[in-house]
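Here is the structure we will look at, set down as structure tokens.
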Amino acid sequence: IAAGACVKKKAAPRMSPQEKFERASDDIEGRGKTPDPKRGLTTLEQTCTGDKHGPSCRLLGFLYVRGRAPATKDDKKAADYFAKGCSGGDLEACTDVGDLAVRTGDYGKARMAFQHGCELGSGVACARDGDLLEGGLGGSKDVTTANAIFKKALDKLTPQCPATGWADGAACAWLGWIYENGKGAPKDLTKAVTAYRAGCNAGHGEACMNLGKALDAGYGGSKDEAGANKAY
């Protein structure tokens, strides 16, 4: 999805890793004349392992972590593929490594993954790294360093979440969280609502949920029950 499965694809050189990734994605999504999900899975595995194509590795992780056919749920395989995707330069895969580690209780691994993703330029990874540092999860508690990382996250997330036009839903969700909780920036509930709204409009479920809660609470003005219900 993050690589554009639902939008018109750009032309890719024939038999390039990107072109093979797109054909595999079509097979898995049931598009084309004779789609074959099993063939798609095999192609992704070859492109990930042989071509070290980050997006292919990340999509494999997505399939295994959710048990999406033709893959069967396997958190270990998912973690391995997310790690390969991160090594292959896919920033979202770095965040996925950390996210899966958090959900399985391996906070030390999560902290390393988010730190690496942050160093590579992911604002979401920076925000999540700061959150673990501030809470002392997966290592020592370091509020001073966490605040510096939150400021770094803010700088990276802000241009990805304009109030109008294309926005990155995950970036907006975390930007709203930063403003709602005053992490690395003064607390600003109006800016939090604006970010959550942009993220929700971009189709990010957590941003929509946070927008609903914010409107129910009257952040940045009066309560808006109708708007909250729409967001939910």
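Working only within the range 50-61, note down all residues that are touching a helix residue (DSSP H, G or I) at 6+ places or on another chain (Cβ under 8 Å) and surrounded by fewer than 22 Cβ atoms within 10 Å (Cβ to Cβ). Step through it out loud before you land on a result.
The first filter runs over the range 50-61 and keeps only residues touching a helix residue (DSSP H, G or I) at 6+ places or on another chain (Cβ under 8 Å), leaving 51-61.
Asp51, Lys52 - these are the residues of the range 50-61 that are touching a helix residue (DSSP H, G or I) at 6+ places or on another chain (Cβ under 8 Å) and surrounded by fewer than 22 Cβ atoms within 10 Å (Cβ to Cβ).
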| task | Answer yes or no as to whether Ala171 is within 24 Å of Ser122 (Cα to Cα), among the hydrophobic types (A, V, I, L, M, F, W, C) and touching a Cys at 6+ places or on another chain (Cβ under 8 Å). | result | yes
| task | Within the range 89-106, track down each residue that is closer than 13 Å to Arg128 by Cα, more than 10 Å from the chain's Cα centre (by Cα) and β-branched (Val, Ile, Thr). | result | Val97, Val102
| task | Give Asp80, Asp129 a once-over and let me know the one that is surrounded by 19 or more Cβ atoms within 10 Å (Cβ to Cβ) and out of contact with any Asp or Glu (no Cβ under 6 Å at 6 or more places or on another chain). | result | Asp129
| Is there a residue in the range 118-131 that is at negative phi, under 16 Å from the mean Cα position of the chain (by Cα) and assigned to a loop (DSSP other than H, G, I, E, B)? | yes
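Look at Trp174 and say whether it is aromatic (Phe, Trp, Tyr) and surrounded by fewer than 23 Cβ atoms within 10 Å (Cβ to Cβ). Steps first, answer last, please.
Numbers: aromatic (Phe, Trp, Tyr): yes; surrounded by fewer than 23 Cβ atoms within 10 Å (Cβ to Cβ): no.
Taking the combined requirement at face value, the residue does not satisfy it.
How many residues does the range 177-212 hold that are surrounded by 15 or more Cβ atoms within 10 Å (Cβ to Cβ) and either farther than 21 Å from Pro159 by Cβ or touching a residue at least 60 places away in the same chain (Cβ under 8 Å) (or both)? Let's see the steps before the verdict.
Just the residues of the range 177-212 that are surrounded by 15 or more Cβ atoms within 10 Å (Cβ to Cβ), to begin with: 177-180, 183-185, 188-189, 191-202, 204, 206-212.
Checking the rest, the ones that are also either farther than 21 Å from Pro159 by Cβ or touching a residue at least 60 places away in the same chain (Cβ under 8 Å) (or both) come to 189, 208-209, 212.
Qualifying residue count, the range 177-212: 4.
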| query | Identify, please: which residue in the range 107-122 is closer than 16 Å to Lys151 by Cβ and touching a Ser or Thr at 6+ places or on another chain (Cβ under 8 Å) and is, among those, surrounded by the most Cβ atoms within 10 Å (Cβ to Cβ)? | reply | Phe114
| query | Could you list, in sequence order, the residues of the range 41-95 that are farther than 23 Å from Cys118 by Cβ and either in contact with a strand residue (DSSP E or B) (Cβ under 6 Å, 6 or more places away or on another chain) or among the polar types (S, T, N, Q) (or both)? | reply | Thr42, Thr43, Gln46, Thr47, Thr49, Ser56, Thr72
| task | Would you mind stating whether Ala127 is in contact with a helix residue (DSSP H, G or I) (Cβ under 7 Å, 6 or more places away or on another chain), in contact (Cβ under 8 Å) with a residue 40 or more places away in the chain and within 23 Å of Ala113 (Cα to Cα)? | result | yes
| request: Tell me, yes or no, whether the range 152-166 has at least one residue that is farther than 22 Å from Gly220 by Cβ, in a helix (DSSP H, G or I), open to solvent by less than 50 Å² (accessible area, probe 1.4 Å) and modelled with pLDDT of 95 or more. | output: no
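The values are calculated or read from the model by the stated rules, or taken from the named source; none is laboratory data. None of the values given here were measured: they were computed from a predicted structure. Positions of Cβ are backbone-derived with ideal geometry, glycine not excepted, and every protein chain shown enters the neighbour counts. Protein only, heavy atoms only, side chains kept; ligands, DNA and RNA dropped before computing areas. Shrake-Rupley method; radii C 1.70, N 1.55, O 1.52, S 1.80 Å.
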